[in-house]
Amino acid sequence: MHRLAETTESVADTIDFFNRMAPTWDNYSAIDGDKATSVLKVVGIPYNARILDVACGTGALLPYLLAYEPVKLVAIDISPAMVNIAHSKFDDPCLEILTCDFHQYVGYGFDLITLYNAYPHFPDRARFVKHAHTLLNPGGRLLIFHGNGRTHINGCHAKSDDVKHVSTRLRSCGAESCFLSDLFTVDVMLDVDNLYILSGRAQRL
């Protein structure tokens with residue numbers, strides 16, 4: 001089981017890394033719109049929902065979430081530089097973009113939490129899943145997905161010492177689902193060359 005502690009130092013390193021990457025982030029991390037649309041359709045995103053987009057970065061997923069006309073869409077990221085860029089792109093009354101560490105975010109009553117292209121940057125998977133559960137309504141969905149396959153993601157991260165310092169290895173959906181199984185009913189798992197999806201609905205405790 002791959003779990004690392006999230007220390008004050010590691011959080012500071014993550015903030016520094018993504019602040020440095022923010023100005024050029026959109027140049028090489030563009031989202032595949034057809035792929036994002038298909039993923040959201042497959043998992044059954046409801047209209048007029050309350051949505052939390054975690055690690056929103058510069059806002060890549062936000063247009064596709066806004067298409068579902070959410071009552072409220074909260075987007076959070078730990079990097080102020082990423083958030084500043086996201087702010088510059090959007091002006092929608094239902095959207096709130098915040099600089100915030102996910103583990104410090106206080107809220108409730110969400111119907112959907114999305115985490116796009118960011119799961120390896122949460123080393124304590126159990127802690128992430130437990131907090132996500134507290135923010136969701138019973139039956140609310142947690143959607144973790146990447147626009148590339150696991151082999152590609154792990155290979156890219158392994159090439160850079162900077163990235164290795166702020167990320168952990170992404171394992172198969174089956175292996176990662178063990179962190180969700182006590183709190184979520186996992187109903188979507190896809191681990192192929194060009195896509196990674198792990199998703200489930202929050203159980204009532």
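Counting only helices (runs of 4 or more DSSP H) that sit completely within segment 1-104, those holding 2 or more residues that are exposed (fewer than 15 other Cβ atoms within 10 Å of the Cβ) correspond to 8-21, 25-28, 33-43, 80-89. Taken together, the residues in segment 141-189 that are in a helix (DSSP H, G or I) and under 16 Å from the mean Cα position of the chain (by Cα) amount to 6. For segment 181-191, does any single residue satisfy the condition of being closer than 23 Å to Val11 by Cβ and among the aliphatic types (A, V, I, L, M)? No, there is no match, as no residue in segment 181-191 is closer than 23 Å to Val11 by Cβ and among the aliphatic types (A, V, I, L, M).
Looking only at segment 49-73, which residues are in contact (Cβ under 8 Å) with a residue 60 or more places away in the chain and out of contact with any Leu (no Cβ under 7 Å at 6 or more places or on another chain)? Across segment 49-73, the qualifying residues are Arg50, Gly57.
Scanning segment 120-145 for residues that are closer than 21 Å to Lys41 by Cβ and buried (at least 22 other Cβ atoms within 10 Å of the Cβ) gives Leu136, Gly140, Arg141, Leu142, Leu143, Ile144, Phe145. Annotation: Gly107 fulfils all but one of (1) modelled with pLDDT of 95 or more; (2) touching a strand residue (DSSP E or B) at 6+ places or on another chain (Cβ under 9 Å); (3) not β-branched (Val, Ile, Thr); the unmet one is (1).
The values are calculated or read from the model by the stated rules, or taken from the named source; none is laboratory data. What you see is a predicted model; the values in this text were computed from it and never measured. Because the Cβ atoms are built from the backbone with ideal geometry, glycine has one as well, and the counts that use them run over all protein chains shown.
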